[in-house]
Amino acid sequence: MAACWPEPIVSVQALSQTGLSTVPNRYVKPAHQRPVYNSDAEMEIPVLDMSDVWEKPEGLRRVRSACEEWGFFQVVNHGVNHALMERVRGAWREFFELPLEEKRKYANSPETYEGYGSRLGVVKDAKLDWSDYFYLNYLPSSIRNPSKWPSQPPKIRELIEEYGEEVRNLCERLVKTLSKSLGLETNHLMKAFGGEDKVGASLRANFYPKCPQPHLTLGLSSHSDPGGITIVLPDENVAGLQVRRGDCWVTVKSVPNALIVNIGDQIQILSNGIYKSVEHQVIVNSGMDRVSLALFYNPRSNIPIGPVKELLTENQPALYKPIRFDEYRLLIRQKGPSGKNQVDSLLASR
Ligand code: OGA
Ligand code: NI
């Protein structure tokens, strides 16, 4: 992997703060990738109550249909403290409001992506997204390096840990829930992930600055998440996440205090395509900055992940070739977001 970026990094937030009235060409997407604002925007993605997914007979059925049909759902009664959600989001907002020199102390490189950055992928002359981010490794704890985490605002490191632990608990419950909803033994998927103490997790705080011409660009281009499951803490005030539904893009209207869950490519592979990792993207707007926090919960990085045998039948043979997650995620790190091309490239029939 290249040790440095192909072009000098420009902070999109700093660019936005210059008050420019047009979007520089680097960020102008080709017409077919530009945002579509359609009337399906009012559709609600499924909302699941974590306190009854196991207790009520229809609970697991609702999980299953959300994962088959949407690949996305929101969870309420998820066990993550609401005040903590607000505090961690606030702390990240304060981090992005720091002077650029302070943030630049954490400037990242494409080798590990850890730190403050403004692009995904190392393709020279690529069209870029209208966002900055901070990426950090969270699990396994052996690769956690808090000295690479921001030291300002003052409480941010403690908040990241506290929030990370609560979301990690939620992810463990969700992976068990997905396992049961597929008709597998409760711990089956977790074992396939390499076990609770071996899984990987990383965190990405996203900052989507105001944009003078939001119809020409995207905050985050269409992609599916490469990992296991993703938990997104959305901005409380600003919508922006869009989920593909057939030929439409549905803008997620988040329920107060809910977290957004989406299925990543590794669950699509393990479930042999029964569960879908659905394409999504982020649109920006001219009035407000948006902050979101994504926690990616992934299989252990060095074991092969392939379709679960118990889900295969004569009529449904294995669709995907097994691959290790560390190998799999190189592609998005090199090419940047590219729809669903990557998981499709593993189709055994190719
Ligand atoms: C991501 C992502 C959505 C958002 O970070 O992979 O899809 O709302 N984020 O920021
Ligand atoms: Ni995503």
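The values are calculated or read from the model by the stated rules, or taken from the named source; none is laboratory data. All values derive from a computational prediction rather than experimental measurement. When we count neighbours, we look across all protein chains shown, and the Cβ atoms used for this are built from the backbone with ideal geometry, even at glycine. Accessible surface is based on the protein model in full, side chains and every heavy atom, while ligands, DNA and RNA are left aside. Shrake-Rupley method; radii C 1.70, N 1.55, O 1.52, S 1.80 Å.
Quick notes on this one:
- Gained length - Lys105 relative to Asn25, 0.36 nm times residue gap less alpha-carbon distance: 26.1 nm
- Dipole of the chain [Lys/Arg +1, Asp/Glu -1 at C-beta], most positive-end residue of Asn298, Asn145, Ala31: Ala31
- Inter-part distance where region 215-239 and region 46-60 are each reduced to a Cα centre, Å: 25
- Arg144 accessible area, assembled protein chains, probe 1.4 Å, Å²: 50
- Placing +1 on the Cβ of every Lys and Arg and -1 on the Cβ of every Asp and Glu, with no other charges, gives region 24-344 a dipole of roughly 780 debye about its Cα centre.
- Rounded if a/c under 1.5, otherwise prolate or oblate - the chain, Cα gyration tensor axes: rounded
- Placing pseudo-labels 7 Å out from each Cα toward the beta carbon at Glu196 and Ser286 gives an inter-label distance of 5.1 nm.
- Ranked packing of 279-289, 217-227, 106-116, 52-62, most packed first, by mean Cβ within 10 Å: 217-227, 279-289, 106-116, 52-62
- Where only DSSP H runs of four or more residues are counted, the chain gives -7500 deg cm²/dmol as its mean residue ellipticity at 222 nm, each run worth -39500 (n - 2.57).
- Separation between Cα centres of region 318-350 and region 86-148, rounded to whole Å: 24
- Taken over region 255-350, the alpha-carbon convex hull comes to 146 cubic angstrom per residue.
- What the phi angles of region 219-234 give under the Karplus curve with 6.51, -1.76 and 1.60, with θ = phi - 60°, is a coupling list of x, 8, 5, 3, 7, 10, 6, x, x, x, 10, 10, 10, 9, 8, x Hz, glycine and proline written as x.
- With K and R counted +1 and D and E -1, the other residues having a Cβ less than 12 Å from that of Val238 yield a net charge of +2.
- Gln17 paired with Arg324, simple spin-label distance in nm, labels 7 Å along Cα-to-beta-carbon: 4.2
- Under 5 Å, built H, 5+ apart or other chain: amide partners of Gln74: Val47, Leu48, Val261
- Taking the chain and dividing mean pair separation by its residue count, relative contact order in percent (alpha carbons under 8 Å, at least six apart): 23
- Extension gain for the segment Val123 to Val76, taken as residue separation times 0.36 nm less the Cα-Cα distance, is 13.0 nm to one decimal.
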